[in-house]
Amino acid sequence: MKTSISPISKLPEVGTTIFTVMSKMAAEHNAINLSQGFPNFPLDPKLVELSSEYMRKGMNQYSPMEGVISLREGIAEKHEKLYNIQYSPETEVNITAGATQAIYTIISAMIHIGDEVIIIEPAYDCYEPAITVNGGITKRVQMNAEDFSVDWKELEALISDKTKMIIINTPHNPTGTILRKEDLIKLEQVLEKHPNIVLLSDEVYEHIIFDGEEHQSVCLYPNLAEKAFIVYSFGKTFHATGWKLGYVLAPEGLMVEFRKVHQFNVFSVNTPLQYAIGDYIRDENNYLSLGSFYQAKRDLFLDAISATKFEVIPTKGTYFSTLKYHHYSDKGDVEFAEELTKKHGVASVPISVFFGDKRDNKVLRFCFAKTPDLIESAVEKLLTL
């Protein structure tokens with residue numbers, strides 16, 4: 001249908017996300033989809049049964065705007081056990097329609113026209129559009145191209161009197177790297193000098209961490225936590241990305257502002273699933289075993305990929321592995337990702353799309369949250385390069 005309206009776009013540079021583009025391409029060319037980050041294996045039957053049970057019990061109407069209280073209490077208990085921090089279930093925990101909605105709502109609640117937000121690139125692609133559509137200005141600090149470490153002095157140099165927020169992400173998507181204790185201490189020192197800057201910490205892969213490393217949550221650093229929104233995803237933790245359920249933690253003074261926006265752009269989210277997860281989360285084995293579960297998949301993928309000429313960038317968390325392909329081609333990463341999909345039957349994500357300037361370091365991201373047979377089939381196809 002044609003329209004006579006010519007809207008002035010708030011996001012003139014934004015098109016379809018790379019995840020949609022590559023997944024569509026994978027389907028069109030019957031390729032194995034290692035691009036979009038979703039598992040191809042079933043949920044725990046216990047969680048499915050709990051969800052059905054609460055549907056049968058009639059828990060199918062609106063939940064409270066803040067979320068079902070039993071789930072919020074379970075979240076608060078979990079964080080006290082893991083991180084020795086207390087959040088009030090009533091005033092400092094809020095259930096959301098996934099992490100992306102949570103991030104958008106936080107930015108909408110806190111960022112005014114002309115405010116500056118610092119992001120660390122490569123950055124997950126929902127951050128900057130949310131900043132832009134709310135009238136904010138994105139400032140970027142680049143990770144080291146070799147090991148994806150962060151130069152905190154460089155980040156601090158970007159801070160001005162207009163800086164209102166810093167966004168961090170650990171474990172990090174798309175690189176699979178993590179922030180360590182020394183990183184959080186340096187960030188803490190930076191924010192001590194700038195007490196009015198809000199921190200947004202994207203920790204959706206908190207339990208997917210490898211090699212004996214510990215997740216350095218902002219929760220572990222009281223001077224950071226008292227000025228932070230922290231975002232989580234049940235979809236990532238419980239292999240249910242299509243459920244679009246997550247949550248936010250924040251001190252009451254920040255949460256008040258979050259809820260002012262949340263009540264109008266979402267209000268409440270899926271009620272029976274909240275009740276189900278509220279029960280399921282009480283058993284810590286349902287999430288503390290996640291690291292070893294995914295490390296086995298990572299190790300299988302990397303062992304298989306060692307027979308190729310891809311160069312592996314070490315992965316310490318998430319369910320993604322990043323590979324340099326310069327031994328195969330000098331083509332740009334977008335072009336090479338398309339070639340892999342169309343000619344060799346494996347879809348990945350080019351890392352350049354996660355940079356504001358689209359800088360191309362010849363790196364692709366592959367998702368290994370797949371069954372062993374699919375991982376092995378994908379690598380067999382890559383061996384044809």
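The values are calculated or read from the model by the stated rules, or taken from the named source; none is laboratory data. Note that this is a predicted model, so its numbers are computed, not measured. Reconstructed Cβ throughout: ideal geometry from the backbone, glycine too, with neighbour counts over all protein chains shown.
Suppose the filter is touching a residue at least 60 places away in the same chain (Cβ under 8 Å) and out of contact with any Lys or Arg (no Cβ under 7 Å at 6 or more places or on another chain); does ASN33 pass it? When the stated conditions are applied, ASN33 passes them. Selection of the range 146-158 for residues being surrounded by 10 or more Cβ atoms within 10 Å (Cβ to Cβ) and either part of a loop (DSSP other than H, G, I, E, B) or at pLDDT below 90 (or both) yields ASP147, PHE148, SER149, VAL150, ASP151, LEU158. Among the residues of this structure, ALA307 counts as one that is over 24 Å from THR241 (Cα atoms), assigned to a loop (DSSP other than H, G, I, E, B) and either without any contact (Cβ under 8 Å) to a residue 12 or more places away in the chain or aliphatic (A, V, I, L, M) (or both). Contact map, the range 238-263: residues that are in the same structural domain as SER201 (by TED's automatic domain parsing) paired with residues that are surrounded by fewer than 17 Cβ atoms within 10 Å (Cβ to Cβ), Cβ distance under 6 Å, separation 6+ or inter-chain. Pairs shown: HIS239/LEU43; ALA240/LEU43; PRO251/GLU226; GLU252/THR91; GLN263/MET65.
Comparison of ASP161, ASP151 shows that the only residue that is within 20 Å of LYS227 (Cα to Cα), without any contact (Cβ under 8 Å) to a residue 24 or more places away in the chain and in the same structural domain as LYS227 (by TED's automatic domain parsing) is ASP161. Do the conditions hold for GLY291, that is, is it assigned to a helix (DSSP H, G or I) and in contact with a strand residue (DSSP E or B) (Cβ under 6 Å, 6 or more places away or on another chain)? Yes, satisfied.
Counting only residues that are more than 23 Å from SER160 (Cα to Cα) and either assigned to a strand (DSSP E or B) or in the same structural domain as ASP333 (by TED's automatic domain parsing) (or both), the range 77-123 holds 4 of them. Evaluate the following for THR17: is it surrounded by fewer than 16 Cβ atoms within 10 Å (Cβ to Cβ), more than 28 Å from ASN173 (Cβ to Cβ) and hydroxyl-bearing (Ser, Thr, Tyr)? Judged against the criteria, THR17 is not a match. Evaluate the following for ASN173: is it over 22 Å from TYR83 (Cα atoms) and in contact with a helix residue (DSSP H, G or I) (Cβ under 8 Å, 6 or more places away or on another chain)? No; evaluated as a whole, the condition is false for this residue.
How about the range 178-281: which strands (runs of 3 or more DSSP E) wholly inside it have at least 3 residues that are in contact with a strand residue (DSSP E or B) (Cβ under 6 Å, 6 or more places away or on another chain) and more than 24 Å from ASP147 (Cβ to Cβ)? Walk me through how you get there before you give the answer.
Details: elements: 198-202, 228-233, 246-249.
By residue number, 228-233, 246-249.
Taking each residue of the range 38-62 that is loosely packed, with under 13 Cβ neighbours inside 10 Å and looking for partners that are of a type in the set (Gly, Ala, Ser) and not in a helix (DSSP H, G or I) with beta-carbon atoms closer than 7 Å, six or more apart or interchain, yields TYR62/SER268.
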